Amino acid sequence: MDRPVRIANCSGFYGDRMSALAEMVEGGPVDVITGDYLAEVTMLVLAKNRQKRPGGGYASTFLRQLAPVVTRIAERRIKVVVNAGGLDPAGCADATRTLLAEAGVDLAVAHVEGDDLAARVPALLADGHDLAHLDTGEPFTRDPLTANAYLGGFGIQAALAAGADIVITGRVADASLVSGAAAWWWRWTPADLDALAGAVVAGHVIECGAQATGGNFSGFREIADLTHPGFPLAEVHRDGASVITKHEGTGGAVTVDTVTAQLLYEIGAPGYLNPDVVAHLDSVRLDQEGPDRVRVSGVRGSAPPPTTKVAITGLGGWRNESTFVLTGTDVDAKAALVEQAVRARLDGDPGIADLRFTRIGAPVEDPADQMAGSSLLHVAVDGEQGSAGRAFSSLCVELALANYPGIYGMGVPGPGAAYGTYWPALVPQDLLDHTVVHADGRREVVPPPPVTASQETAAPPEPEPYDEGVTVDGPLGRIVRARSGDKGGNANVGLWVTDPEAWPWLRATMTTDRLRALLPEAAGLPVDRYELPNLRAVNFVVRGLLGGGATEARRFDKQAKALGEWIRARHVPIPDRLLSGYHRE
């Protein structure tokens, strides 16, 4: 067909809105519905579930989403492509077939496998693949619980081309769900790099569900209805250009800014890596085509890298936590008293590996109600189960009548749990057994990319000097928007401006040194800075801010979701002439 393929999204993570699939099916015309259920943390969650019960290795919520609308999906001939297979795509496909049979619906189900490398890790190491940590370079020496390589979209294309109505995958790159579906519709080949890159960008925009329609958006006050934002969809054209939109009459909004926010989410260098193509985000152009319609065009693609990421997880030590409420006056002294009491018992305990105290908030002066006069003290401990488990919980409970005045906690401290470890590495793509298992049981091997290229990122040019003129001291967020997130142990913060006249100022003043001044946690950590002029954005990657990643991060905001909003609250000198049209208070 010559018309663009309409690819909708119904899930941004394992646990997203249960009604989203039905909303996308019933809300308007769609050709393909994708669902992203997997994150770095999710693979560990699924591994633990699988240890507890059979069939726990996939995202079972997909089946609960599918059941109410499976008949309508068949009637409307909608294709469904999801990575809900997790650690067990074959099991998820079988469960889907059972659901279809019980509903009396005849749809063909295929699955994609070959991403699971857990059993191959010893052989890979023996063959000289050290699986070095992507950030530290340390060779891998642990026992893996899971190890999953990121696959591209051509397995999805092959499954759909053979007649599959529902395609279940394991760990594919998030955007591959969309690029694989678009490649099927338009019959792209691996040589169609610009088109593939455009589809990867569209996939990146819609993969996180309502984040593209106003969710988690700095400018949320501009959106009329965020109580129930609609999920996004992408109309992908033959050349890879797309229009990001949503079903008519749904909440939220699709604007250049909401799309920019999602484009800057969890990225690094402008060369956005996918197993099938490198999409160059600095080539992206965004235009508001109409209400809730943003055109994404101009995306350039280049040959993919010869390697792909493999995410390895395992179990670490034992972690526990307790949160105390500090109320009224002398909160510093009250927090200090808790710390003294806890340290008196735990300092020197060989079963304690890490103990930290985090203050959250501060009481207002002359508080009008009790909550306004309260703040929190979060106490976290890592170590062996004997010391960091019930023993730590009991210690916190014992303080109830023996510490600061007004002491109480946020719930009853529990026994804690084993925390996970996350290890990102690279493997050559030609070592993977990327395979489609079609609905009839036939197996089809998907070859690796025929052409690959090593990636090099050039440093951005030095910004030109900028005459700030008269400045007003105030929060950066007066004119700058932000989106932040996690990539393993690293955090990214994308900052952008909507006003073209503010871009030279942002580019010149938001340097690595300025970021370090705004973010003291970055002291001593490597910081990468990238420019995306078409988006009027600067992206920073703070390496190591999250330690070992979300599964083992000791930071309270473990995935840096609010990091950008904090930086927007920091005060900087802002040129007075740029504040026209903005709040000056």
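The values are calculated or read from the model by the stated rules, or taken from the named source; none is laboratory data. None of these values were measured; they are calculated from a predicted model. When we count neighbours, we look across all protein chains shown, and the Cβ atoms used for this are built from the backbone with ideal geometry, even at glycine. Areas reflect the complete protein model, heavy atoms only, side chains present, ligands, DNA and RNA absent. Shrake-Rupley method; radii C 1.70, N 1.55, O 1.52, S 1.80 Å.
Values for this structure:
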| quantity | calculated |
| --- | --- |
| THR61 vs. criteria of a type in the set (Val, Ile, Thr) and modelled with pLDDT under 95 | no |
| First in region 427-445 and on the phi < 0 side of the Ramachandran plot, second anywhere and among the acidic types (Asp, Glu), Cβ under 7 Å, 6 or more apart | THR435/GLU113; THR435/GLU444; VAL436/GLU444; VAL437/GLU113; HIS438/GLU444 |
| Residue in region 201-220 that is touching a residue at least 24 places away in the same chain (Cβ under 8 Å) and over 21 Å from the mean Cα position of the chain (by Cα) present | no |
| Hits in region 359-386 (condition: open to solvent by 10 Å² or more (accessible area, probe 1.4 Å), in contact (Cβ under 8 Å) with a residue 60 or more places away in the chain and touching a Leu at 6+ places or on another chain (Cβ under 7 Å)) | ILE360 |
| Hey, LEU315 within 19 Å of ALA181 (Cα to Cα) and surrounded by fewer than 24 Cβ atoms within 10 Å (Cβ to Cβ) or not | no |
| Residue in region 406-418 that is under 30 Å from HIS129 (Cβ atoms) and either open to solvent by less than 20 Å² (accessible area, probe 1.4 Å) or under 33 Å from the mean Cα position of the chain (by Cα) (or both) present | yes |
| Scan of region 329-354 for residues that are among the hydrophobic types (A, V, I, L, M, F, W, C) and either under 22 Å from GLU552 (Cα atoms) or touching a strand residue (DSSP E or B) at 6+ places or on another chain (Cβ under 8 Å) (or both), ordered by number | VAL331, ALA335, VAL338, VAL342, LEU346, ILE352, ALA353 |
| Filter pass, GLY351 being within 30 Å of ALA147 (Cα to Cα) and either open to solvent by less than 10 Å² (accessible area, probe 1.4 Å) or among the hydroxyl-bearing types (Ser, Thr, Tyr) (or both) | yes |
| Helices (runs of 4 or more DSSP H) (entirely within region 488-584) containing at least 3 residues that are under 30 Å from LEU355 (Cα atoms), modelled with pLDDT of 95 or more and open to solvent by 40 Å² or more (accessible area, probe 1.4 Å) | 563-569 |
| Among the residues listed as ALA253, ALA197, the single one being buried (at least 22 other Cβ atoms within 10 Å of the Cβ), modelled with pLDDT of 95 or more, farther than 27 Å from VAL25 by Cβ and over 15 Å from the mean Cα position of the chain (by Cα) | ALA197 |
| Inter-residue pairs, beta-carbon under 6 Å, first over 25 Å from GLN559 (Cα atoms) and in region 398-422, second open to solvent by 60 Å² or more (accessible area, probe 1.4 Å) and among the hydrophobic types (A, V, I, L, M, F, W, C), 6+ apart | ASN403/LEU337; TYR404/LEU337 |
| Qualifying residue in region 137-146 (condition: without any contact (Cβ under 8 Å) to a residue 24 or more places away in the chain and under 25 Å from the mean Cα position of the chain (by Cα)) | yes |
| THR141 farther than 20 Å from PRO450 by Cβ, among the hydroxyl-bearing types (Ser, Thr, Tyr) and either surrounded by fewer than 24 Cβ atoms within 10 Å (Cβ to Cβ) or modelled with pLDDT under 95 (or both) | yes |
| Where LEU273 falls short, out of the listed (1) out of contact with any Lys or Arg (no Cβ under 6 Å at 6 or more places or on another chain); (2) open to solvent by less than 30 Å² (accessible area, probe 1.4 Å) | (2) |
| Answer residue from region 232-255, given it is in a loop (DSSP other than H, G, I, E, B) and among the polar types (S, T, N, Q) and is nearest to VAL284 (Cα to Cα) among those | THR255 |
| Residue match in region 297-309 (condition: open to solvent by 40 Å² or more (accessible area, probe 1.4 Å), modelled with pLDDT under 95, out of contact with any Pro (no Cβ under 6 Å at 6 or more places or on another chain) and not small (Gly, Ala, Ser)) | no |
| Pairs, first aliphatic (A, V, I, L, M) in region 246-260, second in a helix (DSSP H, G or I), C-beta under 7 Å, six or more apart | VAL254/ALA212; VAL259/VAL205; VAL259/ALA212 |
